[in-house]
Amino acid sequence: MTIRQLLEVARQHSPRYAALRQAVELSKAEIAAADVLPNPRVNFGNYSLLSANNTMYDGKVQREVVLEVPVLITGQHGARVEAAEKQVQTTEAAVQAEFAGLVHELWRTFIKLLAGQQRIAVLEETSANMERLAALVAGREESGSASRYDTLRMEIEAKDVRAKLETARNDLQGTVEELGLMLGLPDWKPQALGNLAPLGVPADPKKSWADAERINPEIEAVRRGEIAADARLEKAKAERWPVPSIQFGSAFTEQPYGHAFFGGVSVEIPLFDRNQGGMARAAAEKQAAILERELVTSQIHVALDRATGLLARRRETRVKFERDVVAKLSALKEMGEAAYRLGKGSLLELLDSTRSRTEIRLTHLELIQLELEAELEALKASGLLVSRAETG
């Protein structure tokens, strides 16, 4: 599958991403809790005459029923809902930042898988070439143009290449399992599709920083975290005021019967507790959120400068290697084999030519892989990683 298809699998089937999304659902439950108004309270009382003389009321029994309704008149309800909604937005941004980190891990492993597949292809081609050369040397031994040593040396070289090929296949299997482990899909065995080639990400720190300030999910998460902390501070300030309750009720007596209406207001007197602790804690959380935003922003700026600088250096190394070394591979192969067939070159020279071509091709793959990893770092820091993966 391609990286775009891998991203879809992560979103639709990965238990790891499902666990991340559940954090948003948990946060949304706080909105429902904040939006609920306080329950009214019913008080019932019974007065029975115990003394011989009735000094409080006429009748042997008096009963009272009072309905008490709390009234949020100082903005507590709106402040609670606002704080819960801002926290949901913060959680959503944090989940997106976590998902971007997951995409970075997946794409990096995908590149490793793709490089492993192409590394196997190079070694398979080399192994087939070594078998062909071994047959060539064996033919020359039969004609008396080569010694037994030459034939044995070629057999050993061919087996050495096959051992490297088996090692590369084992490493590839480990990478496949690593990819399944990342997504929580242990029985999943994907195969990477695509060419191992640079993405062409520009190594421009100024443009990348402009993108990062606008859409980087980590910066957005701490920015929303600061907004949520400010909403919690406003909620704490609103809750410093007591909640009054309106009371309605009636009182009636028996033997003889009498009925009276009761109405009143109950409110706590904030002489000592005015939610000083809650406001102090909310103020400290807001300051911590400000400092975290400044820290994360600074770290991402540094990471972006480092990533673009590393990308520029690795790209320059890769381009120079392709120009000075890779471009001459075909000529090296033709000259080495032609010299051996014509008797102008020794077996050691032929083996050296073959080994050199293989090592150069493997080095080229490694340089491309390193450049791609640097491109991923630059995309992650700029906030463009997920959108680039979605476009394939």
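For Cα pairs less than 8 Å apart in space and 6+ apart in sequence, what is the mean separation divided by the residue count of region 136-226, i.e. the relative contact order in percent?
11 percent
Using per-residue counts of other Cβ atoms within 10 Å, averaged over each peptide, order 97-105, 296-304 from highest down. Don't jump to the answer; show the numbers that get you there.
Numbers: 97-105: 19.0, 296-304: 16.4.
Result, highest mean Cβ count within 10 Å first: 97-105, 296-304.
What number, rounded to the nearest 500 deg cm²/dmol, is the helix-based mean residue ellipticity at 222 nm of the chain, given -39500 (n - 2.57) per DSSP H run of at least four residues and division by all its residues?
So the helix-based figure for the chain works out to -24500 deg cm²/dmol.
Note down the net charge around Ser245, summing +1 for each Lys or Arg and -1 for each Asp or Glu among other residues with Cβ under 14 Å from its Cβ.
-1
So if I take the alpha carbon set of region 1-123, get Rg, then get Rh from the Kirkwood formula, what is the Rg over Rh ratio?
Numbers: Rg = 31.3 Å, Rh = 20.7 Å.
Dividing the radius of gyration by the Kirkwood radius yields 1.51.
Evaluate the distance, in nm, between pseudo-label points positioned 7 Å from the Cα of Leu136 and of Met182 along their respective Cα→Cβ axes.
A separation of 4.1 nm, rounded to one decimal place.
Say each of Ile246 and Val42 gets a label point 7 Å from the Cα, pointing the same way as Cα to Cβ; how far apart are those two points in nm?
For the pair Ile246/Val42, the computed spacing is 1.9 nm.
Please work out how much length the chain gains when fully extended from Leu50 to Ile290, using 0.36 nm per residue of separation minus the C-alpha to C-alpha distance, in nm with one decimal.
Numbers: separation 240, 0.36 × 240 = 86.40 nm, distance 6.58 nm.
Taking 0.36 nm per residue and subtracting the Cα distance, the gain is 79.8 nm.
From the Cα gyration tensor of region 178-333, with a ≥ b ≥ c the square roots of its eigenvalues, which class applies: rounded if a/c is under 1.5, or else prolate if a/b is larger than b/c, or else oblate?
prolate
How big is the charge dipole of the chain about its Cα centre, in debye rounded to the nearest 20, if each Lys and Arg gets +1 on its Cβ and each Asp and Glu gets -1 on its Cβ?
For this selection, approximately 580 debye.
Would you mind putting 185-195, 152-162, 64-74, 366-376 in packing order, based on average other-beta-carbon counts within 10 Å, highest first?
So the peptides 185-195, 152-162, 64-74, 366-376, ranked by packing, come out 366-376, 152-162, 64-74, 185-195.
Quick check: pseudo-label points 7 Å beyond the Cα along Cα→Cβ at Ile73 and Gln255, how many nm apart are they?
Inter-label distance under the simple model: 4.2 nm.
Within the accessible area of the chain, what % is carbon and sulfur when the probe is 1.4 Å and the other protein chains stay in place?
Its accessible area is 55 percent carbon and sulfur atoms.
Roughly speaking, what is the stretch gain from Ala312 to Asp204, that is 0.36 nm per residue apart minus the C-alpha to C-alpha distance, in nm to one decimal?
38.0 nm
If I stretch the segment between Leu152 and Phe321 completely, what's the gain in nm (0.36 nm per residue apart, minus their alpha carbon distance), one decimal? Numbers along the way, then the final one.
Values: separation 169, 0.36 × 169 = 60.84 nm, distance 3.40 nm.
Full extension from Leu152 to Phe321 adds 57.4 nm.
With an 8 Å Cα cut-off and a minimum separation of 6 or more residues, compute the relative contact order for region 178-275 in percent.
This gives 18 percent for region 178-275.
Report the calculated FRET efficiency for Lys28 and Leu193 (r = Cβ-Cβ distance, R0 = 41 Å), to the nearest 0.05.
After rounding to 0.05, the efficiency reads 0.65.
Viscosity 1.002 mPa s, temperature 20 °C: what is the translational diffusion coefficient of region 234-287 from Stokes-Einstein with a Kirkwood Rh over Cα pairs, rounded to a whole number of µm²/s?
Working: Rh = 14.4 Å.
Diffusion coefficient, whole number: 149 µm²/s.
Hey, can you rank 210-221, 236-247 by average C-beta count inside 10 Å, highest first?
Values: 210-221: 18.9, 236-247: 17.2.
Top to bottom by mean Cβ count within 10 Å: 210-221, 236-247.
What FRET efficiency comes out for the pair Ala128/Ala19, r = Cβ-Cβ distance, R0 = 45 Å, nearest 0.05?
0.45
Before anything else, pin down the relative contact order of the chain: Cα pairs under 8 Å, at least 6 apart, normalised by residue count, whole percent.
26 percent
Among Val296, Val319, Gly309, pick out the residue whose Cα is farthest towards the positive end of the charge dipole of region 280-322, where Lys and Arg carry +1 and Asp and Glu carry -1 on C-beta, about the Cα centre.
Val319
For the chain, with every protein chain kept in place, what is the accessible area per residue (1.4 Å probe, Å²)?
Ligands and nucleic acids excluded, the result is 56 Å² per residue.
The values are calculated or read from the model by the stated rules, or taken from the named source; none is laboratory data. Just so it is clear, the structure is predicted and the values come from calculations on it, not from any experiment. Virtual Cβ from ideal backbone geometry, glycine too; neighbours counted across all protein chains shown. The accessibility values were calculated without ligands, DNA or RNA, using every heavy atom of the protein model including side chains. Shrake-Rupley method; radii C 1.70, N 1.55, O 1.52, S 1.80 Å.
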